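The values are calculated or read from the model by the stated rules, or taken from the named source; none is laboratory data. Since this is a predicted model, take the numbers as computed values, not measurements. Here the Cβ is made from the backbone with ideal geometry for all residues, glycine too, and neighbour counts use every protein chain on show.
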Ligand SMILES: [Zn+2]
């Protein structure tokens with residue numbers, strides 16, 4: 001019997017991490033692009049039917065909240081997330097903001113023309129009025145690798161302005177460490193606390209010194225994308241952070257899911273269980289509560 005089989009044979013409660021939060025996952029994504037995306041490209045009932053058991057599994061493993069990180073113009077559907085939240089009994093948080101990564105494929109025309117202040121105003125409105133009746137709980141943005149493109153810099157500045165006005169944390173998909181450091185400068189220049197900034201996909205940066213620098217500046221360093229092919233590198237990142245006494249600035253998640261709009265049957269929907277069944281058992285047990293329970297609540301209050 002392999003270790004994996006042994007773990008699979010254990011009753012779920014033994015693997016559960018009660019009260020844990022998955023800070024970066026997806027239920028649905030539509031990669032068609034901001035020019036082409038429109039309502040009606042998917043059947044919400046089909047997405048609901050396929051997503052529900054995956055979310056129920058996460059709940060059984062102790063997850064109480066999942067941050068759905070699909071931005072507007074990439075398939076964000078707050079109404080559908082609310083329906084799933086109510087059906088499963090697991091909090092699903094949605095977001096405001098715009099995503100500049102992937103060379104601006106998901107940036108709508110209005111965002112190219114408007115100023116950072118104007119964009120921030122749109123997002124503040126979503127915070128105040130809700131998105132289809134659902135209040136966004138964080139700002140999601142995204143930038144390519146550094147040096148930052150002007151449009152990416154504008155999106156980050158808009159996020160910082162919105163965060164300053166609303167208190168919402170910023171989760172930014174970031175191409176590399178050079179881009180991350182530039183983002184920190186923009187956020188700091190807007191007098192928004194760096195503790196509200198989450199460097200998403202920090203695992204893409206291979207230089208731990210940049211992880212350390214961002215964490216020491218006060219930002220959150222998120223090693224997401226945890227899965228069967230990448231767990232060793234994520235462990236290495238966490239061991240480094242622990243060796244520098246910086247685990248209290250680290251976050252982990254899987255960036256898993258999702259119903260892929262446009263693929264037959266939604267494509268290959270990866271569930272949310274791996275981090276519980278395979279990754280957490282490899283961690284120092286003392287770290288688990290910090291990474292899965294305490295840090296997510298501090299980063300995303
Ligand atoms: Zn993601």
Checklist entry - Restricting attention to the range 124-150, and to residues there that are in contact (Cβ under 8 Å) with a residue 40 or more places away in the chain, buried (at least 23 other Cβ atoms within 10 Å of the Cβ) and touching a helix residue (DSSP H, G or I) at 6+ places or on another chain (Cβ under 8 Å), which single residue is nearest to residue 80 (Cα to Cα)? => result 139
Checklist entry - Of everything in the range 42-76 that's within 15 Å of the ligand (Cβ to nearest atom) and in contact with a helix residue (DSSP H, G or I) (Cβ under 7 Å, 6 or more places away or on another chain), which residue is farthest from residue 267 (Cα to Cα)? => result 66
Checklist entry - more than 16 Å from the ligand (Cβ to nearest atom) and in a strand (DSSP E or B) - does that describe any residue in the range 129-136? => result yes
Checklist entry - Any idea which residue in the range 77-87 is farthest from residue 298 (Cα to Cα), counting only those that are away from the ligand (no atom under 16 Å from the Cβ) and surrounded by 19 or more Cβ atoms within 10 Å (Cβ to Cβ)? => result 80
Next on the checklist: Against the condition under 9 Å from residue 97 (Cβ atoms) and modelled with pLDDT of 95 or more, how does residue 131 come out, does it pass?
Outcome noted: no
Checklist entry - When you go through (1) in contact with a helix residue (DSSP H, G or I) (Cβ under 9 Å, 6 or more places away or on another chain); (2) without any contact (Cβ under 8 Å) to a residue 60 or more places away in the chain one by one for residue 162, which number turns out not to apply? => result (2)
Checklist entry - Residues of the range 21-34 being buried (at least 23 other Cβ atoms within 10 Å of the Cβ) and either in a strand (DSSP E or B) or away from the ligand (no atom under 13 Å from the Cβ) (or both), which ones? => result 21, 22, 23, 24, 25, 28
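Per-residue answers, yes or no, for (1) touching a residue at least 12 places away in the same chain (Cβ under 8 Å); (2) surrounded by fewer than 16 Cβ atoms within 10 Å (Cβ to Cβ); (3) over 20 Å from the mean Cα position of the chain (by Cα):
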| position | (1), (2), (3) |
| --- | --- |
| 233 | yes, yes, no |
| 236 | no, yes, yes |
| 244 | yes, yes, yes |
| 248 | yes, yes, no |
| 253 | yes, no, no |
| 259 | yes, no, no |
| 262 | yes, yes, yes |
| 265 | yes, yes, yes |
| 269 | yes, no, no |
Checklist entry - Is there any pair with a first residue in the range 81-97 that is without any contact (Cβ under 8 Å) to a residue 24 or more places away in the chain and a second that is outside any helix (DSSP H, G or I) and buried (at least 20 other Cβ atoms within 10 Å of the Cβ) whose Cβ atoms are under 7 Å apart and which are 6 or more apart or on different chains, and what are they? => result 85/92
Item to check | Residue that is more than 16 Å from the ligand (Cβ to nearest atom) and buried (at least 23 other Cβ atoms within 10 Å of the Cβ), where the choices are 189, 202, 219 | outcome: 219
